Amino acid sequence: MSEVARDALVRRSCELAIWALPAVAIYDLELAILRDAGAEPGTIAYMTAPMDSRHGMLTANDVTPYVFAGMPLNGEPHVIEVPPIGEKAQLFGSVLNAWQRPLVDVGPSGEDAGEGGRYLIVPPGYQGEIPSEDYIVVQSDTAAVHFSFRPVAINGGQMADQSTYSQSVSVYPLSDPDATWPYIDVYENPVNTLPVYDYTFFTDLNTAMQREMPLERDYAMTGRLASIGIVPGEPFDPDEETKAAMLEGLQCAYDYMQHGFESEGGGLKRLWDDRQHGTFNFPLEQAKKGLPFINDTGLMIDKRAYMYFYVTYLPKTLGGGTYYISGLRDSGGELLNGEDTYRLNVPADTPAEDFWSVIVYSMETKGFIQGKERVGLASPNMENMIQNDDGSIDVYFAPEAPEGMEANWIPTGEDWFILFRLYGPSEGWYESGWQLPDFEKLQ
């Protein structure tokens with residue numbers, strides 16, 4: 001391979017990886033259920049307890065268990081049956097296409113409005129009869145879809161109530177309602193769903209693309225897949241020289257997305273002018289349209305990659321139940337690191353009607369820091385934490401707990417960031433003037 005050809009292949013691999021990230025990241029959730037939990041295709045993952053550091057998922061929470069699955073439709077409509085609000089739990093979540101575009105939301109904020117319903121997912125090109133009575137019909141433009149729901153406790157519900165309720169979700173092909181998908185507990189069988197930036201990124205992309213027809217908006221990119229050996233119906237087996245160039249391009253893509261994550265106006269935007277904290281940088285018009293990431297000039301590849309580099313399962317309709325505040329930098333504007341000790345003061349009047357939560361994530365993977373006994377703290381833990389005289393809480397972040405502050409400590413040990421979640425944010429909280437203080441780096 002000439003130097004010119006190699007350089008072109010590196011650049012092309014970089015561009016393709018940035019474009020393909022949403023598809024690879026969502027396919028990896030499906031793959032993890034099979035690979036890590038040992039499940040058969042057509043299995044729903046549920047949890048008997050929330051995720052911990054044994055699990056890998058992009059910016060997951062550690063307070064609510066999940067129920068999720070990848071669904072290759074295989075050309076046939078499938079039904080996702082969602083239960084109505086229960087006595088002790090209710091569902092929130094979304095069904096996405098193979099590019100993470102949300103197709104429909106479920107639960108109280110979704111199409112069934114909490115009354116439960118049968119969501120009929122119709123694959124592209126399906127020519128058979130599509131019943132509409134007693135179904136919420138959802139037309140998919142991709143051959144596979146994916147869903148993730150959170151069973152949230154209500155009326156004093158406990159974790160066992162949430163887990164049991166989640167298993168009332170049912171999936172089956174329209175042609176055979178008795179062929180319901182089985183469940184597997186991925187708390188006891190931990191899964192790592194994080195995208196990995198090694199050669200498996202491209203093998204996963206190949207698997208996803210082998211079952212998908214190109215969408216018209218992607219023609220400029222899908223036409224380039226053959227240059228890295230991804231061709232429909234053909235084996236994917238690039239030679240070692242090509243692999244090396246592809247991996248160099250993949251590193252370029254990761255570095256580019258990481259730069260976008262760390263930079264103002266990339267994946268995040270500043271929330272308050274006099275604070276370092278930020279929030280999701282959703283293009284407002286995209287959020288209103290259900291996040292297609294398409295504007296008048298075309299597919300917003302970079303903006304989309306910046307988002308799905310660290311989040312997944314975005315809802316079709318934003319707002320309502322949770323608000324996310326990000327933290328990457330200390331009060332001096334420096335990125336948070338895994339060697340120093342930091343303090344975050346959480347005010348007593350934090351505007352969360354349900355509860356607040358702060359979780360640490362690896363800057364490298366955007367998932368939990370692995371091997372730690374704790375990944376976050378939340379206001380339900382306050383009875384075990386040391387409170388200040390004014391009712392506020394000091395949360396410490398460090399490789400080792402400050403003396404006497406073990407209950408207020410979240411371990412780090414590598415470069416990190418946080419998401420601070422307001423569950424049930426109070427109406428008008430932003431206009432109230434409340435602000436989350438910056439991280440204070442301790443000497």
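The values are calculated or read from the model by the stated rules, or taken from the named source; none is laboratory data. Owing to the predicted nature of the structure, the values given are computational and were not obtained by experimental measurement. Neighbour counts run over all protein chains shown; Cβ positions are idealised from the backbone, glycine included. Just the protein is used for accessible areas: all its heavy atoms, side chains included, with ligands, DNA and RNA removed. Shrake-Rupley method; radii C 1.70, N 1.55, O 1.52, S 1.80 Å.
Some points to look at:
- Across region 161-187, the qualifying residues are those that are touching a residue at least 24 places away in the same chain (Cβ under 8 Å) and of a type in the set (A, V, I, L, M), and the one among them that is farthest from residue 129 (Cα to Cα) is 186.
- Any hit, region 196-219, residues being under 15 Å from residue 48 (Cα atoms) and open to solvent by less than 50 Å² (accessible area, probe 1.4 Å): no
- Pairs are defined by a Cβ separation below 9 Å, a sequence spacing of at least 6 or placement on different chains, a first member in region 232-251 that is more than 13 Å from residue 9 (Cβ to Cβ) and open to solvent by 90 Å² or more (accessible area, probe 1.4 Å), and a second member that is among the aromatic types (Phe, Trp, Tyr) and modelled with pLDDT of 95 or more; the pairs so defined are 251/197.
- Residues of region 301-321 satisfying the condition of being crowded, with 21+ Cβ neighbours inside 10 Å and not small (Gly, Ala, Ser): 304, 306, 307, 308, 309, 310, 312, 313, 315
- For region 88-105, residues that are more than 13 Å from the chain's Cα centre (by Cα), over 15 Å from residue 305 (Cα atoms) and in contact (Cβ under 8 Å) with a residue 60 or more places away in the chain total 8.
- Yes/no for residue 263 being at pLDDT below 95, closer than 20 Å to residue 199 by Cβ and of a type outside the set (Asp, Glu): no
- Scanning region 289-302 for residues that are among the acidic types (Asp, Glu) and not in a loop (DSSP other than H, G, I, E, B) yields one hit, 302.
- Residues of region 401-429 that turn out to be farther than 24 Å from residue 56 by Cβ and either basic (Lys, Arg) or free of Cβ contacts under 8 Å to residues at least 12 places away in the same chain (or both), as a count: 5
- Candidate set from region 334-351 (those that are of a type outside the set (Ser, Thr, Tyr) and open to solvent by less than 20 Å² (accessible area, probe 1.4 Å)); member that is farthest from residue 416 (Cα to Cα): 351
- Whether a residue is assigned to a loop (DSSP other than H, G, I, E, B), of a type outside the set (A, V, I, L, M), on the phi > 0 side of the Ramachandran plot and more than 19 Å from the chain's Cα centre (by Cα) was assessed, and residue 134 passes this test.
- In region 1-34, residue nearest to residue 80 (Cα to Cα) [restricted to those that are surrounded by fewer than 16 Cβ atoms within 10 Å (Cβ to Cβ) and touching a residue at least 24 places away in the same chain (Cβ under 8 Å)]: 11
- Within region 117-129, the residues that satisfy the criterion of being in a loop (DSSP other than H, G, I, E, B) and either of a type in the set (A, V, I, L, M, F, W, C) or open to solvent by 20 Å² or more (accessible area, probe 1.4 Å) (or both) are 124, 125, 126, 127, 128, 129.
- Elements of type strands (runs of 3 or more DSSP E) contained in region 1-108, each with 3 or more residues being closer than 22 Å to residue 213 by Cα and modelled with pLDDT of 95 or more: 67-72, 89-97, 102-106
- Search result, residues across region 129-158 that are aliphatic (A, V, I, L, M) and at pLDDT 95 or above: 136, 137, 138, 143, 144, 145
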